[in-house]
Amino acid sequence: MIRVSSLTKSYLYKGKRKRVLDNLTFEIAGDESIAVIGANGAGKSTLLQLLGGIDIPDRGTIDCTGTISWPVGIEGGFQGSLTGRENVTFVSMIYGEKREIDDRIKFVEDFAELGIYFDRPFKTYSSGMKSRLSFGLSMAFPFDYYLIDEITAAGDQKFREKSKRLLLDRKKTSNFLMVDHNLWGLQIHCNRAFLLESGGITEYANVKEAIDIHTKTLLAELAPESGVPHAA
Amino acid sequence: MEGSDSRLRRLSGFEIQWRVVNALVYRELRRRVSDVQGGFLAVLMEPIGQIAVWTVLRMIASPATMVNNLNIILFLACGVILFNLYSRVASHGLTTMEANKALFFYRRVKPIDTILAKAIEELGLYASAAIVVFGLVWAYLYSLVLRDLPLLVMAFVLMTLLAIASSLLSLVGSHYFPNLKQVLSWLNRALYFASGVIYAPIQIPQFARDFLVWNPLLQCIELARRALSVDYQIPSQVTLGYPAGFALVYLSLALWCYTNNEKVLIRR
């Protein structure tokens, strides 16, 4: 279970404080996966980072009884001069039990399918290879909650399909806190939705309903003639 | 994957820190070996190169092979190795937040862990460099020049603790005052000459010596030299108690500063 109380977060922007999240209070039960929906800049990623303990709120508390992942698929934590294997070993030393480190490495190696590149420096990888490695690494550890921010958009068709299957497998034992502009993906994995607007949060028991409302709001903001200019 | 069904175990703060520091030491050592051509040998060559340069310069100035009854290479090795150990760890606090920004996405990794890992890594590397240099000199002289091993070990440990404290204070200080980096880089250079790296404090004028012996880095270096030779004369003010007490108070202050600012440092 995750219990959030009076959560407030602001950032300094051009000398002024901009409040992104304003006094949020909510609970996430132990068997719930949450779709976090909102326009660009609404604070979705900020909320995930606060829940993951990566960022610190200005005010408010977050209590969690389980383990929360780092943002799935993040590539920043990799050391470019180290090989894929060495990078995976590093994270496994932090999150895995000592006796399980080899298993974690094997899991990532099998998922990422990098072949000989697994033993070459990370900086030599293509963007697709980086995505495969980082996603595989995130999924190698059985967290209670996975923070998933826009991951389903990365990689080629095969990788996206493999990722989808792996996520569905993980869904059996874990929960997701998910941000994705691919709204269809949210419906598959989540059973409740938070709609973020103007620093506040509206909770929806039905993900589809939240998506419909969000889509309508976004489209309504488009003036009738403000679409793509017509070609000559 | 074997064991993939078991949930991640919730760990105590100490367990987490132990794992993180271990992993960071592994990462940093692998990085240094892969980044630096020639691997460990190249890393060890840095202090050895400095010792060689100072030895040549001193021999040109005065052809004596002994400084205050201690072999000149052992004398310089103590100064250069211990000071470089301090300097590298202490200055790490200024750059660690920027250099390791991405690592803090792993919530278990805290800024202090990167400093502890750096301290362990540098202590290991410089202790190895000391063993190599002392070994070469002992082999050349056909005699083991070591009077007090525990004192030598204490000198290294105390230097590392002082460096960790400086590093933590630099970490917090540079967050509030970014210009501190420039000031500390100058201070570091001044400390090099105020720590007796290339001269024996007993051989400098009394008024300067009475002032410089307050420097705990100088005391650590002098204790290390004393540990090598009973004939090496140290000022009467140099005792194990002073740098030990200083390190205790300094480290407590640094940890207090850090713990009160950790959240501010992590905040994005």
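The values are calculated or read from the model by the stated rules, or taken from the named source; none is laboratory data. Nothing here was measured: the structure is a model prediction, and the numbers come from that model. Quick reminder, even Gly has a Cβ in these numbers, built from the backbone with ideal geometry, and neighbours come from all protein chains shown. Note: accessible area is taken over every heavy atom of the protein model, side chains too, but ligands, DNA and RNA are not part of it. Shrake-Rupley method; radii C 1.70, N 1.55, O 1.52, S 1.80 Å.
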Which one is nearest to the other protein chains (Cβ to nearest Cβ), of the residues in the stretch B:95-140 that are outside any helix (DSSP H, G or I) and open to solvent by 50 Å² or more (accessible area, probe 1.4 Å)? B:Arg107
Wholly inside the stretch A:51-157, strands (runs of 3 or more DSSP E) that include 2 or more residues that are in contact with a helix residue (DSSP H, G or I) (Cβ under 7 Å, 6 or more places away or on another chain), facing another protein chain (nearest Cβ under 7 Å) and modelled with pLDDT under 90 are A:68-71
Quick check, is A:Asp144 surrounded by fewer than 21 Cβ atoms within 10 Å (Cβ to Cβ), of a type outside the set (Lys, Arg), under 18 Å from the mean Cα position of the chain (by Cα) and closer than 14 Å to A:Trp70 by Cβ? yes
Confirm whether A:Gly43 is open to solvent by less than 30 Å² (accessible area, probe 1.4 Å), at the interface with another protein chain (Cβ under 8 Å from one of its Cβ atoms) and at positive phi. no
Looking only at residues that are under 14 Å from B:Glu15 (Cα atoms) and free of Cβ contacts under 8 Å to residues at least 24 places away in the same chain in the stretch A:92-107, which one is most open to solvent (accessible area, probe 1.4 Å)? A:Lys98
Starting from the stretch A:150-165, keep only residues that are within 16 Å of A:Ser138 (Cα to Cα), then list their pairs with residues that are at pLDDT 80 or above and part of a loop (DSSP other than H, G, I, E, B) whose Cβ atoms are within a distance under 8 Å, requiring at least 6 positions of separation or different chains. A:Ile151/A:Val72
Those residues that are farther than 14 Å from B:His92 by Cβ and open to solvent by 30 Å² or more (accessible area, probe 1.4 Å), I need them from the stretch B:181-197; list them, please. B:Gln182, B:Val183, B:Trp186, B:Leu187, B:Arg189, B:Ala190, B:Leu191, B:Tyr192, B:Phe193
Within the stretch B:1-14, is even one residue at pLDDT 85 or above and more than 7 Å from chain A (Cβ to nearest Cβ)? yes
Given the conditions (1) open to solvent by 10 Å² or more (accessible area, probe 1.4 Å); (2) modelled with pLDDT of 85 or more; (3) under 26 Å from A:Asp22 (Cβ atoms), which single one is not true for A:Glu221? (2)
Out of the residues in the stretch B:67-117 that are at pLDDT 90 or above and of a type in the set (Phe, Trp, Tyr), state the one that is nearest to B:Arg268 (Cα to Cα). B:Tyr86
Are any of the residues in the stretch B:171-178 within 17 Å of the chain's Cα centre (by Cα), surrounded by 24 or more Cβ atoms within 10 Å (Cβ to Cβ) and closer than 30 Å to B:Arg267 by Cα? yes
